[in-house]
Amino acid sequence: MTRIQAYEDFVKVHGILLAASGLPRTLHRKLFDKLTSETFDGGAYFQVDPCQGGRQRRLLLTSAASMPKDSNVFLIDHAWTFRLSDAYKQVLLRVLDTQVHLVFLPTDVCLIEVSLLKLQEVPGLAQRMAALMCVDIDSNSDAEEIDGDGVSRDNYSKLNVTDIVENEIGYAKERGYDTVKWLELEELDIDDDMLLSLDLSSKFPDLLALSLYGNKLENVEIVVQEVTKLKNLKALWLNNNPVLENCDGCMADTIFKGCPGLEIYNSCFTSNFGEWALGFCGGVYEKDNPCPIHQDNHPLQSVTSLDLSNRSIHSLINKAFSPAEMPSLSHLNIRGNPLKQNSVSELFKVLKGFTSLQTLEVDLPGPLGESAIEILESVPNLSQLNGVNVSKILETGNHVIDAVLQPRLPEWTDEEPLADRVVNAMWLYLMTYRLADEEKIDETSVWYVMDELGSALRHSDEPNFRVAPFLFMPDGNLESAVSYSILWPIQNVQNGDECTRDFLFGIGEDKQRSARLTAYFHTPQYYFIQEYEKFHQKLQSKSTTPLPVESTSSRTLRRTDGCALRVYTDLPQVEGFLTRPEFIITTELKDADIIWTSMQVDDDVKRAAGITDQQYINQFPFEACLVMKHHLAETIQKAHGSPDWLHPTYNLESHLSQLIGNYYARKRDGMNNLWILKPWNMARTIDTTVTDNLSAIIRLMETGPKICQKYIERPALFQGKKFDLRYIVLVRSVKPLELFLADVFWVRLANNQYTLDKHSLFEYETHFTVMNYRGVLNHKNTPEFVKEFEQEHQVKWLDIHERVRNMIRSVFEAAATVHPEMHSPMSRAMYGVDVMLDSSFQPKLLEVTYCPDCTRACKYDTQAIGGGGELLKGSDFYNYVFGCLFLDETRHVCPL
C-alpha cells in the first residue's frame with residue numbers, strides 16, 4: 001500500500017485504534033495532521049516545573065488562552081523501552097532518523113525490535129532517565145555531614161568496626177561523658193563472631209541506645225547473650241539482620257526480660273515505653289543528648305510536636321504520655337498504631353487533656369473510631385485533623401477525611417550509580433504493553449517511559465487530561481508502524497493549572513483501586529496491617545484432619561482377553577517410550593481406551609472430539625485447584641491455613657491489601673521483604689519477577705493476574721548454587737485418595753553462584769533453575785547429587801525425603817478435602833511437584849504442574865535413593881508410570 005496521504009484513508013486503516021484510544025471523533029483530523037507532519041508542539045502549551053523540593057516534576061498549562069475540553073491533541077514520544085529482565089543491562093532503542101519504532105499494542109499488532117544495548121553504555125540514556133525521574137542529584141549535595149569528632153560520615157562509614165568503636169569512645173569524652181551511651185554500628189557486616197569479640201558490655205556498661213541495623217547477625221543465642229548484658233538499654237535496633245528471620249518471637253521476650261528498661265525494640269515501642277521513648281520521638285534524646293542531665297527535670301516539657309506513627313503502640317495510657325509531662329504538645333501523629341488495649345472513650349479522655357493540641361493525625365477508620373466529626377466533638381481544641389482544616393470538615397460533614405496522599409518519592413544514597421537509582425525509581429513512571437501478532441501474544445511484557453512532558457503528568461482522581469497509546473501506520477501496514485502516546489484535555493483547563501491524568505484509568509474499587517494507589521502514594525499503613533493481621537489470624541485458625549491411607553480400591557484395566565489397551569497420545573515421549581505389550585498406541589481418538597494428552601479436556605472438548613465416559617483420561621475434574629498457582633494457594637489455605645511448607649502467598653487479584661499489610665509489617669519489624677511474583681498459569685518461570693520494591697509488586701499486576709509469594713531468600717544451596725527438586729506424583733483416585741511417588745526425581749540447578757545482591761535479581765541463571773528452555777542445562781545425576789549434598793551439609797537425605805513425602809501427601813489431601821468434586825472413576829493422572837529446601841533443609845512447595853515435562857526421566861538412567869539402589873532405566877519410565885496407574889502395579893513407585 002502507498003503512503004497514507006488522505007484523512008479518509010487514515011480513518012479506514014486506523015479505525016479500530018482510534019476507537020480503542022478513546023480520542024473524541026472531533027480530534028481525529030487534528031491527530032492525523034500532527035502524525036503526518038510529525039508535529040510535537042506540546043512545548044508551546046505546557047511547562048515542566050519542579051516540585052516536592054526538586055524530587056518530582058509537574059506539568060502546567062502556560063498557553064495564554066485557556067484550553068477547552070476536547071479542543072486539542074498532542075503527541076508524546078517514548079524515551080526508554082525495555083523488557084524487565086533487561087532493565088538494568090539493556091534498552092530497546094528507537095532509531096528516530098529511520099523511523100523504526102517500538103509498538104504499543106492496544107490490539108493484536110506486532111513490533112519491530114531494534115538493538116539491545118546496555119543501559120549504562122547508551123550515551124546519555126542513564127543521565128536522561130535520572131534527570132526525568134529526579135534522581136540525578138546527590139541527596140546530600142549541599143554539605144558534607146561532619147561527625148562530632150571532625151570525621152566526615154563518608155569516611156566514617158569506611159572505617160572498620162574497631163576504629164569506629166575507638167572513635168565513639170573519644171567522641172564521648174569530648175562531649176563530657178564518662179562512657180559511651182549511644183552507639184551506632186550499622187551496615188558494617190558484623191557477624192556473630194565479631195559481635196562476641198566486640199565485648200560491648202565491658203566497653204560500654206552504661207549504653208542506652210544500640211543500633212546494629214543492617215548487619216549479618218544470625219545466631220539467636222549469641223545475640224540474646226550479648227544484648228542482655230547491657231542492662232541499661234533503652235533502645236535496640238536489630239532491623240535487617242538474618243537473626244530476625246531465624247527467631248520465633250521468643251528472642252524478643254528474652255531480650256525484654258534481660259533488659260527490663262528497654263523502651264524501643266526494632267523501631268517499635270515496647271509495652272514498657274515511657275519518657276525516654278517519647279523523648280526520642282519528640283527530638284529530646286539523640287546521640288548528642290542521650291539522657292536527661294538532671295533527673296528531677298521534666299525533659300518532655302519542651303516537646304511541641306510528637307510523631308508516634310508506626311511504632312506498634314498498643315496503649316497510650318502511660319504516665320509519661322500526659323499533659324503534665326508535655327503541656328506544650330500541639331502536634332501529634334499516632335497513625336499506624338493498633339492501640340488495641342484502649343477503648344475509644346479512654347483515648348478521647350487522654351487526648352482531650354492536651355489543651356494545647358492543635359493538629360492530630362490518626363487512621364480513619366482506626367482506634368478513634370470511624371468518624372472525623374466524632375473526633376472533633378471529643379477533642380474540641382483541634383484546628384486540623386489529618387491535614388484538613390476543622391472548619392472544612394464541619395462544613396462538608398465528611399466523616400472519613402484525609403489530606404492529599406503524599407507521593408512516593410525515590411530514595412537513594414549518594415554512592416548509588418545512576419543506573420541503580422533509575423531502576424529503583426522507574427516504577428513511578430513506567431507504562432506497559434505486550435506484543436502480539438495475528439497468531440500469538442508475546443510471553444513477556446515490554447515497559448516504557450514517556451518523554452519529559454508525558455512523565456511530568458501527575459495523578460489525580462479527577463484528572464483534566466487523558467493519555468492513550470496510539471499506533472500510527474503511515475504506509476498502511478505493520479512494517480511501517482510508529483508508536484506514540486496521545487494527550488488531550490477532558491476538562492476545561494485554565495492558564496497556570498496543573499495538568500493531570502488518572503494513573504489508574506478504568507480501575508475502580510472492584511479492582512482494588514485504593515490499594516493499587518499504594519504504588520504511587522503513601523497510603524495508611526495501619527489499615528493494611530490490620531487487613532493482613534485479620535487474614536493471618538484466619539489462616540492460623542485452620543486445621544484439617546489428615547485423610548486415612550486406604551488400601552487400593554481402583555480397579556486394574558488389564559484385559560482378560562489378553563488384548564492390549566489402546567492409548568491415544570499427543571506426547572512424543574509417551575509414543576516413543578511406552579513399549580509394554582499391555583499397551584498399544586492408536587492414532588484414532590475414538591478407539592482409545594486411554595487418552596493421555598497435554599491439552600486440557602473440558603466438556604466442550606469432549607463433545608467436539610467425541611470422547612465418551614468409558615474412556616480414561618490423564619486429568620481429574622477441577623484439577624485447576626492444584627495446577628493453577630492462585631487456586632493451589634487458596635486450596636492449601638482453606639485446608640491447612642498457613643503450613644510451614646507454604647511460604648506466605650497472596651492472590652494479587654483478590655488479596656492485594658493483605659499483601660501490602662504483610663509487606664508493611666515486615667518492614668516495621670526489620671525483616672527481609674523480598675517477594676516473587678508468578679503468573680497464575682504460566683510455566684517455565686515466564687513473566688516471573690523477584691523484587692523488594694512495593695511499587696513494582698503492585699505495578700506488575702498490569703501484565704496479567706499473578707500471585708505474590710514470600711521469596712525463599714535463604715535456600716539450601718548445592719556448591720553455592722540454588723536448586724529445586726522435581727518429584728513425580730501418580731494419582732489413581734481422589735476418593736479414596738490413592739497417591740504414589742515415583743522413585744525417580746531430579747534436581748534442577750541454577751548456573752550462577754547464589755547471591756542476594758540487588759543487581760542479581762535481574763539474572764535468570766542466578767535465581768531460577770529451569771534451564772530446559774533458556775540458559776545452559778547442566779544435568780546432575782540424582783545419586784551423585786544426593787551423595788555430594790549429604791557430604792556438603794552433613795545431613796541424611798532420607799530424613800529430608802520423608803519430610804518431602806509428608807508435604808506432598810498434605811498437598812493432595814487439601815485438594816481432596818476442599819474439592820471432593822475432583823473425584824472421577826475414569827481419571828488417572830501424573831503431576832510434577834516442584835520443591836525447594838530452605839537453609840534448615842525443610843521442604844517448601846513451589847508449584848504443581850499438569851502433564852509435567854519428563855524429558856530427563858526418559859533420557860537418563862539413574863538409581864533409586866534408599867533401599868537397594870535399584871537401577872531406573874530412563875527408557876522404562878512410562879512403562880512403570882502406566883503400570884502403576886492402569887495395571888495396579890507398584891514397581892519403581894512408593895505409595896504416599
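Give the shape of the range 508-603 as rounded, prolate or oblate, defined through the alpha-carbon gyration tensor: a ≥ b ≥ c are the square roots of its eigenvalues, a/c under 1.5 means rounded, and otherwise the shape is prolate if a/b is larger than b/c and oblate if not. Write down the numbers at each step before the final one.
Values: a/c = 4.75, a/b = 2.29, b/c = 2.08.
Prolate.
For the range 183-299, with all protein chains present and a 1.4 Å probe, just round the carbon and sulfur fraction of the accessible area to a whole percent.
Working: 2290 of 5050 Å².
Here it works out to 45 percent.
State the Cα centre-to-centre distance between the range 325-354 and the range 229-291 in whole Å.
Distance between centres, Cα-based: 22 Å.
Calculate the tail of P(r) for the range 767-839: the fraction of all Cα-Cα distances greater than 18 Å, expressed in %. Numbers along the way, then the final one.
Values: 1600 of 2628 pairs.
The calculated P(r) of the range 767-839 puts 61 percent of pairs beyond 18 Å.
Quote to one decimal, in nm, the extra length available between Lys638 and Gln47 on full extension: 0.36 nm per residue of separation minus the C-alpha distance between them.
Working: separation 591, 0.36 × 591 = 212.76 nm, distance 5.42 nm.
Taking Lys638 through Gln47 to full extension adds about 207.3 nm, to one decimal.
With the dipole of the range 582-638 worked out from charges on the C-beta (+1 for Lys and Arg, -1 for Asp and Glu) around the Cα centre, which of Gln615, Thr597, Ile636 lies farthest toward the positive end?
Ile636
Where in the range 1-92 are there trypsin sites (Lys or Arg not before Pro) that are in a DSSP coil and have at most 10 other Cβ atoms within 10 angstrom of their Cβ?
Numbers: sites: Arg3, Lys12, Arg25, Arg29, Lys30, Lys34, Arg55, Arg57, Arg58, Lys69, Arg83, Lys89; in loops: Arg3, Arg55, Lys69, Lys89.
Loop-located and lightly packed - Arg3.
Using the charge dipole of the range 263-386 (Lys, Arg: +1 at Cβ; Asp, Glu: -1 at Cβ; taken about the Cα centre), state which of Gly366, Ser309, Thr355 has its Cα farthest towards the positive end.
Gly366
Between the alpha-carbon centers of the range 472-492 and the range 621-639, tell me the distance in whole angstrom.
Measuring centre to centre over Cα atoms gives 42 Å.
When the chain is fully extended, how far beyond the present Cα-Cα distance does Lys349 get from Cys250, taking 0.36 nm per residue of separation?
This chain segment gains 32.2 nm when fully extended.
Expressed as a whole number of Å, what is the distance separating the alpha-carbon centroids of the range 577-602 and the range 779-833?
Using only Cα atoms to place each centre, the spacing works out to 26 Å.
Could you tell me which of Gly869, Leu578, Ser211 has its Cα farthest along the dipole of the chain towards the positive end, charges placed at Cβ (Lys, Arg +1; Asp, Glu -1), taken about the Cα centre?
Of the listed residues, the answer is Leu578.
Could you name the lysines whose alpha carbon sits less than 18 Å from that of Lys606, not counting residues in the same chain fewer than 8 places away?
By straight Cα distance, Lys606 reaches Lys590.
Please check which bits of the range 474-497 a label hung off Tyr7 would reach, taking the label as a point 7 Å along Cα-to-C-beta and the cut-off as backbone N under 20 Å.
474-476, 486-489
Step by step: find N for the chain, compute 2.2 N^0.38 Å, then divide the Cα radius of gyration by it. What's the final number? Please report the intermediate quantities before stating the final value.
Working: Rg = 31.9 Å, N = 896, 2.2 N^0.38 = 29.1 Å.
Relative to the rule-of-thumb radius for its length, the chain sits at 1.09.
Skip the ligands, DNA and RNA, and give the accessible area per residue of the range 557-621 with a 1.4 Å probe, whole Å².
On the way: 3680 Å² over 65 residues.
Here the per-residue accessible area is 57 Å².
Which value, in debye to the nearest 20, gives the size of the charge dipole of the range 254-341 about its Cα centre, when Lys and Arg are +1 and Asp and Glu are -1 at the Cβ? Spell out each step's value before the answer.
Numbers: 6 positive and 7 negative charges, 80 e Å.
So the dipole magnitude of the range 254-341 works out to roughly 380 debye.
Select from the chain the helices, each a whole stretch of DSSP H, whose alpha-carbon atoms run 24 Å or more along the helix axis and whose Kyte-Doolittle mean is at least -0.5; answer none if there are none.
Working: long enough: 797-818 (32 Å, 0.11).
Taking the DSSP H segments of the chain (at least 24 Å long, mean hydropathy at least -0.5), we get 797-818.
Given a 1.4 Å probe and heavy atoms of the protein chains only, how would you sort Glu184, Glu588, largest accessible area at the top? Walk me through the numbers on the way to the answer.
Numbers: Glu184 60, Glu588 90 Å².
Heavy-atom accessible area, descending, gives Glu588, Glu184.
State to the nearest 20 debye the size of the charge dipole of the chain about its Cα centre, where the only charges are +1 on K and R beta carbons and -1 on D and E beta carbons.
Details: 86 positive and 123 negative charges, 397 e Å.
For this selection, approximately 1900 debye.
Given the DSSP H assignment, sum -39500 (n - 2.57) over each helix run of at least 4 residues in the chain and divide by its residue total; what's the result at 222 nm in deg cm²/dmol, nearest 500?
Working: 29 runs with 249 residues, N = 896.
Calculated from helices alone, the mean residue ellipticity at 222 nm is -7500 deg cm²/dmol.
In debye to the nearest 20, how big a dipole does the range 621-670 give about its Cα centre with +1 on each Lys and Arg Cβ and -1 on each Asp and Glu Cβ?
On the way: 5 positive and 5 negative charges, 47 e Å.
The calculated dipole for the range 621-670 is roughly 220 debye.
Can you work out the FRET efficiency for the pair Arg29 and Leu756, with r the C-beta to C-beta distance and R0 = 56 Å, to the nearest 0.05?
On the way: r = 55 Å, r/R0 = 0.98.
Efficiency at R0 = 56 Å is approximately 0.50.
Run the reach check for Lys319 against lysines, Cα to Cα strictly under 22 Å, same-chain hits fewer than 8 apart removed. What comes back?
Qualifying lysines at Cα under 22 Å: Lys234, Lys257, Lys340, Lys349, Lys352.
Pop the C-beta distance of Thr612 and Lys538 into the FRET formula with R0 = 35 Å and round what comes out to the nearest 0.05. It would help to have the intermediate numbers written out before the result.
On the way: r = 43 Å, r/R0 = 1.24.
Efficiency, rounded to the nearest 0.05: 0.20.
Once the convex hull of the alpha carbons of the range 707-832 is built, what does its volume come to per residue, in cubic angstrom?
Numbers: hull volume 17.9 nm³, N = 126.
Cα-based convex hull of the range 707-832, divided per residue, equals 142 Å³.
Do you know the relative contact order of the chain, to the nearest whole percent, from alpha carbon pairs under 8 angstrom that are 6+ apart?
Relative contact order comes out at 12 percent.
Within the range 1-82, list the chymotrypsin sites (Phe, Trp or Tyr not before Pro) lying in a DSSP loop whose Cβ has at most 15 other Cβ atoms in a 10 Å radius.
Working: sites: Tyr7, Phe10, Phe32, Phe40, Tyr45, Phe46, Phe74, Trp80, Phe82; in loops: Phe40, Tyr45.
Passing sites in the range 1-82 are Phe40.
Calculate, in nm to one decimal, what Ala65 and Asp178 gain on full extension: separation in residues at 0.36 nm each, minus their alpha carbon distance.
Values: separation 113, 0.36 × 113 = 40.68 nm, distance 7.03 nm.
That works out to 33.7 nm of additional length.
Cut-off under 27 Å on the C-alpha distance; same-chain residues fewer than 8 positions from Lys758 excluded. Which lysines are left, in chain and number order?
Partners within reach: Lys89, Lys118, Lys158, Lys216, Lys629, Lys667, Lys678, Lys706, Lys710, Lys721, Lys722, Lys844.
Are there any trypsin sites (Lys or Arg not before Pro) in the range 315-398 that are in a DSSP loop and have at most 13 other Cβ atoms within 10 Å? List them by number.
Working: sites: Lys319, Arg335, Lys340, Lys349, Lys352, Lys392; in loops: Lys319, Arg335, Lys340.
Here the sparse-neighbourhood loop sites are Lys319, Lys340.
The values are calculated or read from the model by the stated rules, or taken from the named source; none is laboratory data. Keep in mind it's a predicted model, so treat the numbers as computed, not measured. FYI the Cβ positions are ideal-geometry reconstructions off the backbone, even for glycines, and counts take in every protein chain you see. The area values use the complete protein model at the heavy-atom level, side chains included, leaving out ligands, DNA and RNA. Shrake-Rupley method; radii C 1.70, N 1.55, O 1.52, S 1.80 Å.
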